[in-house]
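The structure appears right after this line, and notes come after that.
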Amino acid sequence: MDANAERQLTELLAVDLDDGFTELVRVHARAVYVYLLRVSGSPAEADDLGQDTFLRAYTALRDYGPQRRAELRPRAWLLTIAANVWRNHLRTCSRRPALVGAPVEESQDVWADPRPGPQERAVLADDRQRLVAALLELPEHHRTPVVLRHVLGLSYGEVAEVQQCAIGTARAQVSRGLAGLRRMMDPDAAEPRR
């Protein structure tokens with residue numbers, strides 16, 4: 001979303017909360033869903049957590065004055081809420097382990113299909129499945145920044161805003177997460193060179 005469209009969205013939120021929120025959901029629902037899918041590995045969980053994210057966002061917006069709504073950075077703000085919803089969900093699941101989500105296999109077909117031939121598609125599907133599984137094995141403090149940066153395409157500044165940390169910390173978290181993914185995907189290639 002370009003800066004002009006984002007400004008129009010925040011101006012609409014400031015003037016008319018209901019219409020502005022409808023547009024906010026239309027524009028940013030996919031990013032919230034993809035983030036939640038990649039950190040949870042479950043489409044059903046991503047749907048439920050996404051609904052909770054937008055419910056919390058609407059509740060918060062009702063308490064914001066027009067000036068504060070006009071100054072929002074909607075994508076980063078929503079993804080911050082989604083990250084908090086995800087953390088709360090993890091805490092709940094750790095207290096009640098029966099709430100753990102669906103298997104990774106259900107989420108593997110969400111990645112973009114570049115339309116290769118059948119043999120290439122089989123190799124890509126296997127790689128994609130391994131990548132999704134490896135991503136879910138990363139510790140939460142590395143998985144979230146990797147998803148924000150490399151799945152959703154957020155800038156390091158936006159990752160830092162969502163993670164509520166310094167930009168340098170966000171860069172380090174992404175770097176460590178990618179290093180972890182490399183080790184899981186190809187343990188031999190990830191060995192440090194001397």
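The values are calculated or read from the model by the stated rules, or taken from the named source; none is laboratory data. Quantities reported herein were computed from a predicted structural model and do not represent experimental measurements. Methodologically, a virtual Cβ is constructed for each residue, glycine included, from the backbone with ideal geometry; neighbour enumeration extends over all protein chains shown. Keep in mind that these areas ignore ligands, DNA and RNA; they rest on the heavy atoms of the full protein, side chains included. Shrake-Rupley method; radii C 1.70, N 1.55, O 1.52, S 1.80 Å.
Assorted remarks:
- Hits in the range 64-78 - residues which are surrounded by 18 or more Cβ atoms within 10 Å (Cβ to Cβ) and touching a Ser or Thr at 6+ places or on another chain (Cβ under 7 Å): Arg69, Leu72, Pro74, Leu78
- Per the listing Asp48, Asp18, the residue uniquely assigned to a helix (DSSP H, G or I), open to solvent by 30 Å² or more (accessible area, probe 1.4 Å) and within 12 Å of Trp86 (Cβ to Cβ) is Asp48.
- Contact map, the range 138-164: residues that are more than 19 Å from Arg30 (Cα to Cα) and among the hydroxyl-bearing types (Ser, Thr, Tyr) paired with residues that are open to solvent by 10 Å² or more (accessible area, probe 1.4 Å) and part of a helix (DSSP H, G or I), Cβ distance under 9 Å, separation 6+ or inter-chain. Pairs shown: Tyr156/Arg149; Tyr156/Ile167; Tyr156/Gly168; Tyr156/Arg171.
- Subset tally (residues that are assigned to a helix (DSSP H, G or I), within 19 Å of Val85 (Cβ to Cβ) and open to solvent by 60 Å² or more (accessible area, probe 1.4 Å)) for the range 135-186: 2
- The range 38-95, subset basic (Lys, Arg) and within 18 Å of Glu23 (Cα to Cα), residue modelled with the highest pLDDT: Arg56
- Residue satisfying all of: in the range 16-48; touching a residue at least 40 places away in the same chain (Cβ under 8 Å) and of a type in the set (Val, Ile, Thr); farthest from Glu140 (Cα to Cα) among these: Val27
- Enumeration of residues in the range 1-15 that are surrounded by fewer than 14 Cβ atoms within 10 Å (Cβ to Cβ) and part of a helix (DSSP H, G or I): Ala3, Asn4, Ala5, Arg7, Val15
- Residue within the range 28-37 that is surrounded by 17 or more Cβ atoms within 10 Å (Cβ to Cβ), at pLDDT below 95 and at positive phi present: no
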